[in-house]
Structure formats: structure tokens, C-alpha cells
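Chemist: Here it is: the structure, laid out below.
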Amino acid sequence: MKINISNLSQGTHEYELSKCAVNLGLEQNFLGDVAAKVTLEKSSRQMLLRAGMTSHANFQCDRCLDEFKQRIAPAFQTLYVWNHDDRAENDDVRVLAPDMNIIDISDDVRDAVVLAVPLKLLCKEGCIGLCPRCGKNLNHTADGICDCAPKEVDPRWNKLSGLVEVSILTKKN
């Protein structure tokens, strides 16, 4: 995803770029192209690049193990300057060489997409998950309860059930 900045006039310039997810170095679960809408605001000393991306990927739910498709839509901005100054110490500021004609945002796009993938991948917000006894997907049952028999409680724990009842009674009083 390259932008030619040679002979670029001052002002706002808009671009629509796309690149195959595999060619950006994204994992195989990303589908098709990553589309980016880029706005480049050029002044005499700097250029401000704002980009918003969209991509789709297939993931496996962390709770129920079902496959699902999710839209990933991150955004980022980067400031490009021609003079090295104190602002260049920031990760969002890049110093351009005077003879530079092309800005390649491929790495920034890939990084933004990867960082936008949630740490906890859920097929839906209210995913119930799997039954801990039989492994059945509880999302596919009528009321979120499976048909397996309730697990018998170890009789050594019966005395603790009395403590729960006492605790409830003392809170009411």
C-alpha cells in the first residue's frame, strides 16, 4: 500500500487502497483484501496521514469452538515530517528523507489490523460455551442447558452447603 508523494500539492488528498491480506503478511484466517481509506493532509513542513481499514477474518470461538466470521476495522494516524526535531521521538511521527517519493503504509496497516483482533474471540457477546461434563455446545440447546445428568456432589462437601444457608440467613437479618 504505497502512496506517491512526489509533486503532491499542499492540502487534503484522499486515497482508497487495498491489498490482499496474505500479501500484507496476515494469517491465513484473514479473508480477501484489506481495504484502507487514507486521508493525507500536506503542509509545507509535514504530512498527517489518517487511515481507516476494514478486513474480515474467520476465527474460532474461545468458549464454544464454533467458527465465525468477524469484521476488523481499526484506524491509525501518522505524522510525517521532513526535519528531524523533538517530535520525531514519538512512534506516531516519522522523519522523511528529502529525496523520498513514496510512503509505504503496508506495515502500519498490518500492525493495526493485528492489534485490532480481540484477545478473547467470541462468536457472540452472550456465548454460553460448552457443557463441562459432556462437551455439548450450550448455544445450540433451547435453554442453554444440556441433557446430561447432573454430577453427583462428593458427600464430603455436604457440610459446606449448610454454611451457605447460614450466610444467606444472616444477610437477611
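The values are calculated or read from the model by the stated rules, or taken from the named source; none is laboratory data. Note that the coordinates shown come from a computational prediction; the quantities given were computed from them, not determined experimentally. No Cβ is skipped: glycine too gets one built from the backbone with ideal geometry, and neighbour counts run over all protein chains shown. When the accessible area is computed, the model is the full protein with side chains, heavy atoms only, and any ligands, DNA or RNA have been set aside. Shrake-Rupley method; radii C 1.70, N 1.55, O 1.52, S 1.80 Å.
Chemist: Is it possible to state the helix-based mean residue ellipticity at 222 nm for the chain, with each DSSP H run of 4+ residues giving -39500 (n - 2.57), the sum divided by total residues, to the nearest 500 deg cm²/dmol? What is it?
Modeler: -5000 deg cm²/dmol
Chemist: Please report how far the C-alpha centroid of the stretch 8-86 lies from that of the stretch 99-154, rounded to the nearest whole angstrom.
Modeler: 23
Chemist: Of R156, R63, R71, which has the most accessible area and how do the rest follow, probe 1.4 Å?
Modeler: Sorted by accessible area, descending: R156, R71, R63.
Chemist: Then there's this: Can you tell me the orientation of helix 106-116 relative to the chain, as the angle in degrees between its alpha-carbon axis and the longest Cα principal axis, to the nearest 10?
Modeler: Once rounded, one gets 20 degrees.
Chemist: Return the loop-located GluC sites (Glu not before Pro) in the stretch 14-77 (DSSP other than H, G, I, E, B) with at most 15 other Cβ atoms within 10 Å of their own Cβ; answer none if there are none.
Modeler: Taking the stretch 14-77 and a limit of 15 other Cβ atoms within 10 Å, the loop GluC sites (Glu not before Pro) found are E27.
Chemist: Which net charge results when you count Lys and Arg as +1 and Asp and Glu as -1 among the other residues whose beta-carbon is under 10 Å from that of K120?
Modeler: Summing Lys and Arg as +1 and Asp and Glu as -1 gives 0.
Chemist: Take every Cα pair under 8 Å in the stretch 1-122 that's 6+ residues apart, average their separations, divide by the length, and report that relative contact order as a whole percent.
Modeler: 25
Chemist: Given +1 on the Cβ of Lys and Arg, -1 on the Cβ of Asp and Glu, and no further charges, what dipole in debye does the chain carry about its Cα centre, rounded to the nearest 20?
Modeler: That gives a dipole near 740 debye.
Chemist: Of the DSSP beta bridges with both residues in the chain, give the percent that are antiparallel, rounding to the nearest 5.
Modeler: So the antiparallel bridges in the chain amount to around 90 percent.
Chemist: Report, by chain and number, residues whose modeled amide H sits under 5 Å from the one on G129, excluding near sequence neighbours (fewer than 5 apart, same chain).
Modeler: Those qualifying (amide H under 5 Å, at least 5 residues apart or on another chain) are L138, N139.
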